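A quick write-up on the structure given underneath.
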Amino acid sequence: MAERYARAHAMLFTEPPSSSEVALIEFCRKHPRSVPYLDAAAGVFAPQSLLRKKLLVLSAVLETTPRFADRFLPEPSGTGTLVVKLTALIATAAFRFLVGAALWPLARRHG
């Protein structure tokens with residue numbers, strides 16, 4: 001799996017990243033628990049950021065790996081369950097964005 005990611009990375013990311021992109025990636029490496037929050041903030045502040053692109057490639061590798069493929073398939077559920085899950089997802093996304101927005105300036109400066 002790591003080999004597939006490395007090959008995709010080498011093919012897709014040929015341009016040198018900016019210093020703020022490098023700082024953001026380094027911050028995520030030092031603080032891996034910050035990734036979901038910074039990803040949410042990047043979705044608003046920098047949708048084409050290197051972080052989001054790397055996460056998209058990682059998701060594609062995981063989705064095409066038989067061991068993890070089922071995690072990407074929707075679970076059957078009724079309307080009530082769907083509404084509850086959707087509400088929870090919206091609340092989670094909002095929380096992640098707020099935390100990520102607070103971390104964003106620090107992460108892009110200091111890595």
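Each value in this text was obtained by applying a stated rule to the coordinates, not by laboratory testing. Every value quoted in this text rests on a predicted model; they were computed, and no experiment measured them. Note: ideal-geometry Cβ built from the backbone for every residue, glycine included; neighbour counts use all protein chains shown.
What to note about this one:
- Among the numbered conditions (1) over 13 Å from the mean Cα position of the chain (by Cα); (2) assigned to a helix (DSSP H, G or I); (3) within 29 Å of Ala102 (Cβ to Cβ), the only one that Thr81 does not meet is (3).
- Segment 29-42 residues that are in a helix (DSSP H, G or I), paired with ones that are among the β-branched types (Val, Ile, Thr) and surrounded by 14 or more Cβ atoms within 10 Å (Cβ to Cβ) (beta carbon under 7 Å, 6 or more apart): Tyr37/Val99
- Every condition in (1) more than 12 Å from the chain's Cα centre (by Cα); (2) surrounded by 10 or more Cβ atoms within 10 Å (Cβ to Cβ) holds for Leu58 except the one numbered (1).
- Complete set of residues in segment 84-111 that are surrounded by 12 or more Cβ atoms within 10 Å (Cβ to Cβ), touching a residue at least 24 places away in the same chain (Cβ under 8 Å) and assigned to a helix (DSSP H, G or I): Ala93, Arg96, Phe97, Val99, Gly100, Ala101, Leu103, Trp104, Leu106, Ala107, Arg108, Arg109
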